[in-house]
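As structure tokens, the structure follows; a few thoughts come after it.
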Amino acid sequence: MTSKPRLKIGIVCYPSVGGSGIVATDLGNQLALLGHEIHFISYERPFRLGSNSANVFFNQVKINEYELFRYPDYTLPLAVKIGDISQKYSLDIIHAHYAIPHATAALLAKNIVRHCSQQKPKVVTTLHGTDITLLARDPNLRSIIQYSIEESDGVTAVSNSLREESISLLGIKKAVEVIYNFYQPKIPAIPAAQIRKDLGIGTDEFMVIHLSNLRPVKRIPDLLRIVAASKHVRKLKLVILSGGNFEQFLPLVDELKLKNNIIVRENILDIENYINAADLGIYPSETESFGMGILETLSFGKPVLASNSGGIPEVMQHGRTGYLYPVGDVQSFTQGLDELIENPQERQKMGERGKVRAQSLFNTEKIVKEYFDFYQKTLNS
């Protein structure tokens, strides 16, 4: 792969803590390590983007607020920035993560660039979920999402479930290629015992982990009720690595008497240290187009309890790497939790199978190569 031509790639993504931004950032970092020139374009530096990476450049979009506009606009200044960067560095690919506003802005930038020069960058759009599962159902946005997908030079989705939903919901005729998310786990720098001690978790207590941005689709109230209903609740500690504000859930924590069971840590970069210290993960989401938190948890040999929804069954296997339950079935989740608390041998076997699955199907080298090959195919089309 290193012998392939060097590409200049613009990556347009959200910088916040969330699956799409993390995947976009990690993809850019990995491509840069292979010698490609990567230009990130966003309103803030992406969460996991380092400041001293070779071949990686960050280009900030400035958002102006004019009294003429009732609401600040992001799409237009983003399009201008993409166009400027594309012309300045002669980008080969503009990779937009999410149809709107990123692919919409990228397509506008592409037309601006073509109008001003002979350069013709290709637009690759990756569908991550929210642009389809939520925004595409809004009649005010549906047609622009459909347009942005159909007019892209290449389109990928992070799961077969999302691909099928996109085609069904929007009637997409554009070919959509499935390229799964990936995760390259770092070696924990802090021993599990030390992390648990720092969190105040005793050796006889059971540590459950959950990673998410806490949006409504994550069904955090279900997560809390699962822990509260466990017959082992007195020795349960739920550690939430949060990309959002947890305060809204504090009344429910008080109602369920879980104040001593919940530990929240926000915007954690060294997630490997915490996942490695956990016993299992719980993800009761309404839906997930993929489920990055699930993959991250499996990668450290921890079994997972999750909703049987969206792309989650493509990431984990019921009865082998954990358990899948209907959305909102708190009782079944609780039974599964108690079963695995009481059966450490089965928990270990499931964790080992999950780690193997993560390493074989969703490893960095495999998925980055799939993206690079897709870039090449798009450039040659």
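The values are calculated or read from the model by the stated rules, or taken from the named source; none is laboratory data. Just so it is clear, the model here is predicted, and its values are computed rather than measured. Virtual Cβ from ideal backbone geometry, glycine too; neighbours counted across all protein chains shown. Areas reflect the complete protein model, heavy atoms only, side chains present, ligands, DNA and RNA absent. Shrake-Rupley method; radii C 1.70, N 1.55, O 1.52, S 1.80 Å.
Computed quantities for the displayed model
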{"quantity": "Asp26 accessible area, 1.4 Å probe, all protein chains in place, Å² to nearest 10", "calculated": "30 Å²"}
{"quantity": "Modelled FRET efficiency - R0 51 Å, Lys259 with Ala175, Cβ distances, 0.05 increments", "calculated": "0.50"}
{"quantity": "Global form of region 41-91, assessed from the alpha-carbon gyration tensor, a/c cut-off 1.5", "calculated": "oblate"}
{"quantity": "Simple spin-label estimate for Gln194 and Tyr66 in nanometres, 7 Å along Cα-Cβ", "calculated": "5.5 nm"}
{"quantity": "Computed accessible area, Lys355, all protein chains, 1.4 angstrom probe, square angstrom", "calculated": "90 Å²"}
{"quantity": "Extension gain, Lys231 back to Gln119 (0.36 nm per residue minus Cα-Cα distance, nm)", "calculated": "33.9 nm"}
{"quantity": "Alpha-carbon centroid distance for the pair region 332-381 / region 3-74, whole angstrom", "calculated": "26 Å"}
{"quantity": "Region 18-172 - Kirkwood radius from inverse mean 1/r over Cα pairs (Å)", "calculated": "16.2 Å"}
{"quantity": "Dipole magnitude of the chain about its Cα centre (Cβ charges: Lys, Arg +1; Asp, Glu -1), debye to nearest 20", "calculated": "600 debye"}
{"quantity": "At R0 = 22 Å, FRET efficiency that the Cβ-Cβ distance of Arg142 and Glu370 yields, to 0.05", "calculated": "0.15"}
{"quantity": "Rounded accessible area of Leu250 (nearest 10 Å², 1.4 Å probe)", "calculated": "80 Å²"}
{"quantity": "Cα shape, region 258-368, gyration tensor, a/c 1.5 rule", "calculated": "rounded"}
{"quantity": "Estimated distance in nm for a label pair at Glu266 and Asp84, the labels positioned 7 Å out from Cα along Cα-to-Cβ", "calculated": "3.1 nm"}
{"quantity": "Neighbourhood charge, 9 Å Cβ-Cβ cut-off, centred on Thr378 and excluding it, Lys, Arg +1 and Asp, Glu -1", "calculated": "+1"}
{"quantity": "Rough spin-label spacing in nm, given labels placed 7 Å along Cα→Cβ, for Glu150 and Glu164", "calculated": "2.4 nm"}
{"quantity": "Dipole of the chain, positive direction: furthest Cα of Pro5, Pro284, Ala103, with charges on the beta-carbon", "calculated": "Pro5"}
{"quantity": "Pairs from Lys122/Lys369; Lys173/Lys366; Lys81/Lys120 whose Cα-Cα separation, in the structure shown, is over 20 Å", "calculated": "Lys173/Lys366"}
{"quantity": "Leu361-Ile187 FRET efficiency (beta carbon distance; Förster radius 25 Å; 0.05 resolution)", "calculated": "0.75"}
{"quantity": "Span from the region 148-193 Cα centroid across to the region 246-278 one, whole angstrom", "calculated": "28 Å"}
{"quantity": "Value of [θ]222 nm, deg cm²/dmol, for the chain, DSSP H segments ≥ 4, -39500 (n - 2.57) each, nearest 500", "calculated": "-12500 deg cm²/dmol"}
{"quantity": "Between 0 and 90°, nearest 10: helix 364-380 axis offset from the chain longest Cα axis", "calculated": "20 degrees"}
